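The values are calculated or read from the model by the stated rules, or taken from the named source; none is laboratory data. Every value quoted in this text rests on a predicted model; they were computed, and no experiment measured them. Ideal geometry is used to build each Cβ from the backbone, glycine not excepted, and the neighbour counts take in all protein chains shown. Just so you know, the surface numbers come from the protein's heavy atoms only, side chains and all, with ligands and any DNA or RNA stripped out. Shrake-Rupley method; radii C 1.70, N 1.55, O 1.52, S 1.80 Å.
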Amino acid sequence: MRIVTGKRYENFKDAVLFPEHGKNSEELKKFVSSLEGEETVVTASLELIDLILERFKRTESGELLYSDTMKSLTLKEAYELRKYLDFDLRGALFGGFSKVSIIFCEGKTDSKFFKGVYKKLFGFKESRTTPENLKLIEKVFERDNFELLRKDDVFLAIIPSEGNAGVIRNLGNFLKAMDVFEFKVDKIGLAIDIDESAEGVMESIRGKLSSFKFTREGGNFRVGDVVIVPLLIGYHFRHPCVEWKKPTVEDLMLKLLEKQGVLRKIERAINILCIDLKRKLKPKEVIYLALASYGFWGNLEGFYEMFVMRSRKKNLEEILSAAGLLDKLAEVIE
């Protein structure tokens, strides 16, 4: 199965030209169900592309070919770009590229934490304009997929990725997409938990980069003009009533709550719950207690960003320095 997108589709004489205009979802599904897997389909419909990818994503020899560059993605890569990044596989014409860095992190609470950090410590503000580099990632009112910040002429996108595996997966897919669609970013930060060892995480990154030509630059990696900066989260928050399994951004948040004096105010509630439940509290349960104590009526994601922004700059810097993250976060935007 081959899907062809882009403007130079006329080169494919034997392709199936399906007129998507005016077709409803049922007609598109009927068309896709009629495919046998050997066809070449030329289309500019994301809905049709999604339906074909869903059906043929495990096809080993399948590809999505961008006719403007005559480069291709596997159907699995294309499927993952659509699923995790809401990537526009139809391609685009680009103007001048801006200085853009991106950070892939594990989830939305993580993205709000780092968003607050870059606003509080580095002077970034939310951007109303999207740079050319990121025009293939959808950012619309109904689907706010990533945080977009700006300081002077530097843009920073913070993108949730669904766990450690998602961070590594998005790294590979994004690098491949840059080659196929011929756009670029300057740096890619990887905010990732150290589950067992830092070396294990670095080995996972090297494994993903093994299909690209990469070099080491100190603690970072380089693929072409792109620098990849590992942001390894290995901080351990200790409290007799808090269960700890592995380092996460929640550890940083709990330490910030402690430094700001919030945990002291809810210490009695933590101890009572620990006794009543006959177990230690999970980190997120403590954070919810802090949220209620703080009188915040929004969701957990909003609390992360708000609390980081209202914390003392010195406290935040001390925590990130102790976690070995402060200098690495600065590297991403330098």
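Taking region 62-78 as the range and being open to solvent by 50 Å² or more (accessible area, probe 1.4 Å) and either in contact with a strand residue (DSSP E or B) (Cβ under 9 Å, 6 or more places away or on another chain) or under 23 Å from LYS29 (Cβ atoms) (or both) as the test, the residues that pass are LYS71, THR74, LYS76. Here VAL41, VAL32 are screened, and the one residue that is farther than 30 Å from GLU250 by Cβ and without any contact (Cβ under 8 Å) to a residue 40 or more places away in the chain is VAL32. All of PHE113, PHE94 fail the test of being touching a strand residue (DSSP E or B) at 6+ places or on another chain (Cβ under 9 Å) and hydrophobic (A, V, I, L, M, F, W, C), apart from PHE113. Here GLU317 meets the list (1) closer than 20 Å to GLU243 by Cα; (2) surrounded by 13 or more Cβ atoms within 10 Å (Cβ to Cβ) almost entirely, failing just condition (1).
Kindly establish whether ILE333 is under 25 Å from the mean Cα position of the chain (by Cα) and either surrounded by 14 or more Cβ atoms within 10 Å (Cβ to Cβ) or free of Cβ contacts under 8 Å to residues at least 60 places away in the same chain (or both). In short, yes. For region 299-334, the tally of residues that are among the basic types (Lys, Arg) and farther than 12 Å from LEU121 by Cα stands at 1.
Inspection of region 240-248 identifies no residue that is outside any loop (DSSP other than H, G, I, E, B), over 21 Å from ASP193 (Cβ atoms), open to solvent by 10 Å² or more (accessible area, probe 1.4 Å) and without any contact (Cβ under 8 Å) to a residue 60 or more places away in the chain.
Conditions (1) open to solvent by 20 Å² or more (accessible area, probe 1.4 Å); (2) under 30 Å from SER98 (Cβ atoms); (3) of a type in the set (Gly, Ala, Ser), marked per residue:
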{"site": "LEU257", "(1), (2), (3)": "no, no, no"}
{"site": "LYS265", "(1), (2), (3)": "yes, no, no"}
{"site": "ASN271", "(1), (2), (3)": "yes, no, no"}
{"site": "ILE275", "(1), (2), (3)": "yes, no, no"}
{"site": "PHE296", "(1), (2), (3)": "yes, no, no"}
{"site": "MET306", "(1), (2), (3)": "yes, yes, no"}
{"site": "LYS313", "(1), (2), (3)": "yes, yes, no"}
{"site": "ALA322", "(1), (2), (3)": "yes, no, yes"}
{"site": "ASP327", "(1), (2), (3)": "yes, yes, no"}
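The listed residues are GLU132, GLU138, GLU106, and the only one of them that is under 18 Å from ILE205 (Cβ atoms), acidic (Asp, Glu) and not assigned by the TED database to the domain that holds LEU65 turns out to be GLU106. For PHE237, the conditions (1) in contact (Cβ under 8 Å) with a residue 60 or more places away in the chain; (2) within 16 Å of LEU325 (Cβ to Cβ); (3) not in a helix (DSSP H, G or I) are fulfilled apart from (1). The test for being part of a helix (DSSP H, G or I), open to solvent by 40 Å² or more (accessible area, probe 1.4 Å) and under 27 Å from PHE183 (Cβ atoms) holds for GLU10. Here the condition is being open to solvent by 70 Å² or more (accessible area, probe 1.4 Å) and free of Cβ contacts under 8 Å to residues at least 40 places away in the same chain; of LYS108, LYS125, it holds for LYS125 alone.
Only a single item in (1) touching a residue at least 40 places away in the same chain (Cβ under 8 Å); (2) farther than 21 Å from GLU10 by Cβ is not met by ASP68, and it is number (2). Residues in region 207-233 that are touching a strand residue (DSSP E or B) at 6+ places or on another chain (Cβ under 8 Å) and in a helix (DSSP H, G or I): LEU209 alone.
The condition of being farther than 21 Å from VAL180 by Cα, open to solvent by less than 40 Å² (accessible area, probe 1.4 Å) and modelled with pLDDT under 90 holds for LEU28.
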